[in-house]
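The values are calculated or read from the model by the stated rules, or taken from the named source; none is laboratory data. Because the structure is predicted, anything quoted here is derived from the model rather than measured. Note: ideal-geometry Cβ built from the backbone for every residue, glycine included; neighbour counts use all protein chains shown. Only protein heavy atoms, including side chains, enter the accessible area calculation; ligands, DNA and RNA are left aside. Shrake-Rupley method; radii C 1.70, N 1.55, O 1.52, S 1.80 Å.
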Amino acid sequence: MYIMDTLSKSLKDDDVERRYEYRVIRSSFKSNNYGEEGIQSYGIEVERKDLQGGKVFNLERDIIKNVSPQIHKVQSLAKLLYDNVVSPINCVEVLGEYVDQYISDFSSDKLQEASYKL
């Protein structure tokens, strides 16, 4: 896994600071259709650290590894989460329909079409 991009936001609520990080990650999606190496895939990791007095007292993290082989789609989803300050607890709920829709990006027809556009 490799971090491609990170969006960070910090919010203060009384004496508690909540730090959010939305990371676009790159990994490999392996399937019999793509051979031993697989194809490059992008996903999202969401993390929230709760701090009080500069010390972390709570940490939450969730990840969706293989959203799409198209980085611009995943970057748009990370921006959506960032703009709406979505916590790791809710990120799968928020992204579920997008992920279901983008799964077709892994079909061999769509991958060939995308490689011709490059």
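Numbers for the structure displayed
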{"quantity": "Selection within region 42-58 - in contact (Cβ under 8 Å) with a residue 12 or more places away in the chain and not in a strand (DSSP E or B)", "calculated": "Gly53"}
{"quantity": "Subset of region 1-16 [out of contact with any Asp or Glu (no Cβ under 9 Å at 6 or more places or on another chain) and in a loop (DSSP other than H, G, I, E, B)]", "calculated": "Asp14, Asp15"}
{"quantity": "Filter pass, Asp62 being farther than 18 Å from Asp5 by Cα, assigned to a strand (DSSP E or B) and either touching a helix residue (DSSP H, G or I) at 6+ places or on another chain (Cβ under 6 Å) or of a type in the set (D, E, K, R) (or both)", "calculated": "no"}
{"quantity": "Matching residues, region 71-118, being of a type in the set (S, T, N, Q), at pLDDT 95 or above and not in a helix (DSSP H, G or I)", "calculated": "Asn84, Ser87"}
{"quantity": "Extreme residue, surrounded by the fewest Cβ atoms within 10 Å (Cβ to Cβ), among residues of region 12-32 that are of a type in the set (Lys, Arg) and farther than 23 Å from Val56 by Cβ", "calculated": "Lys30"}
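Conditions tested, residue by residue: (1) touching an Asp or Glu at 6+ places or on another chain (Cβ under 8 Å); (2) open to solvent by 70 Å² or more (accessible area, probe 1.4 Å); (3) within 15 Å of Leu11 (Cβ to Cβ).
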residue	(1), (2), (3)
Val46	yes, no, yes
Asp50	yes, no, yes
Phe57	yes, yes, no
Ile71	no, no, no
Val74	no, no, no
Ala78	yes, no, no
Tyr82	no, no, yes
Val85	no, no, yes
Tyr102	no, no, no
